[in-house]
1. Among the residues of segment 56-88, count how many are of a type outside the set (A, V, I, L, M) and open to solvent by 60 Å² or more (accessible area, probe 1.4 Å).
2. Would you check if there is a residue in segment 122-142 being basic (Lys, Arg) and open to solvent by 20 Å² or more (accessible area, probe 1.4 Å)?
3. Tell me, please, whether a residue that is under 21 Å from Thr54 (Cα atoms), touching a Ser or Thr at 6+ places or on another chain (Cβ under 9 Å) and open to solvent by 80 Å² or more (accessible area, probe 1.4 Å) can be found in segment 89-104.
4. Condition (residue is among the small types (Gly, Ala, Ser), free of Cβ contacts under 8 Å to residues at least 24 places away in the same chain and part of a loop (DSSP other than H, G, I, E, B)) applied to segment 129-145: is it met by at least one residue?
5. Tell me which of these Thr63 doesn't satisfy, since it passes every other one: (1) under 15 Å from Ala151 (Cβ atoms); (2) in contact (Cβ under 8 Å) with a residue 40 or more places away in the chain; (3) β-branched (Val, Ile, Thr).
6. Restricting attention to segment 105-121, and to residues there that are in a loop (DSSP other than H, G, I, E, B) and open to solvent by 50 Å² or more (accessible area, probe 1.4 Å), which single residue is modelled with the lowest pLDDT?
7. Considering only residues that are touching a helix residue (DSSP H, G or I) at 6+ places or on another chain (Cβ under 8 Å), part of a loop (DSSP other than H, G, I, E, B) and among the polar types (S, T, N, Q), look in segment 48-91 and name the one that is modelled with the lowest pLDDT.
8. Could you please let me know if Leu149 is outside any strand (DSSP E or B) and either in contact with a Lys or Arg (Cβ under 9 Å, 6 or more places away or on another chain) or under 19 Å from Ala49 (Cα atoms) (or both)?
Amino acid sequence: MIALAIPTTLLLTGCDVSQLTEDKYEHSASKTAKTSAEGVASGLLPSWAPNGGTDVRLEQRSTGHERIFTMDYSGELPSGKCEPLANTGVPSAKELEKGYAADSRTKDMAPEDFVTYRTLEADWWPADAELQSTALCGRWWVHQDAGKLYAFAPDVASVAEAIVKERAEAE
């Protein structure tokens, strides 16, 4: 009787048995911190994040490297840790290579291993904010606008492509 109950339950709920064994990449977590100093100390934010930021919001891919965060901050980006981009929103291969080499999480990876687009979503992240990036802080694409700092760290290609595929299959 129990052996029949599980397939019957799956049928009634519209689940496919194959869905139970599939890996899903579309997992993320939302996190916050009152201050950037608190975020850096807890490991939520990268070490380059400047002191003085407040109302930190972060979304992170649980299955990959992608992160987006914002905080209220109108000061300067830390010199020596953040390098200006030659072209807004379009880091060159050389800029990406230098930035990824400077980041402990990506120093042994090639820029080609990463995508240059965002898959994470958050209601506080403006559409295409990553395309406004004016600096690289390690692997992070960063810009400031109207008293806020925005930062985006792309995912590895295999994870980003799997997410795009999952979304297409779900449509």
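1. First, the residues of segment 56-88 that are of a type outside the set (A, V, I, L, M): 57, 59-67, 69-70, 72-76, 78-84, 87-88.
Checking which are open to solvent by 60 Å² or more (accessible area, probe 1.4 Å) leaves us with 57, 62, 74, 76, 79-81, 83-84, 87-88.
Of the residues in that region, 11 qualify.
2. Looking only at segment 122-142, we keep the residues that are basic (Lys, Arg), and these are 139.
Imposing the further condition that a residue be open to solvent by 20 Å² or more (accessible area, probe 1.4 Å) reduces the set to none.
Looking through segment 122-142, none of the residues is basic (Lys, Arg) and open to solvent by 20 Å² or more (accessible area, probe 1.4 Å).
3. Within segment 89-104, the first condition is being under 21 Å from Thr54 (Cα atoms), and the residues that meet it are none.
Within segment 89-104, not a single residue is under 21 Å from Thr54 (Cα atoms), touching a Ser or Thr at 6+ places or on another chain (Cβ under 9 Å) and open to solvent by 80 Å² or more (accessible area, probe 1.4 Å).
4. no
5. Among (1) under 15 Å from Ala151 (Cβ atoms); (2) in contact (Cβ under 8 Å) with a residue 40 or more places away in the chain; (3) β-branched (Val, Ile, Thr), the lone unmet condition for Thr63 is (1).
6. Arg105
7. Thr63
8. Judged against the criteria, Leu149 is not a match.
The values are calculated or read from the model by the stated rules, or taken from the named source; none is laboratory data. As the structure is a prediction and not an experimental result, all values here were calculated from the model. Virtual Cβ from ideal backbone geometry, glycine too; neighbours counted across all protein chains shown. For the accessible areas, the whole protein counts, side chains as well, though only heavy atoms, and no ligand, DNA or RNA atoms are used. Shrake-Rupley method; radii C 1.70, N 1.55, O 1.52, S 1.80 Å.
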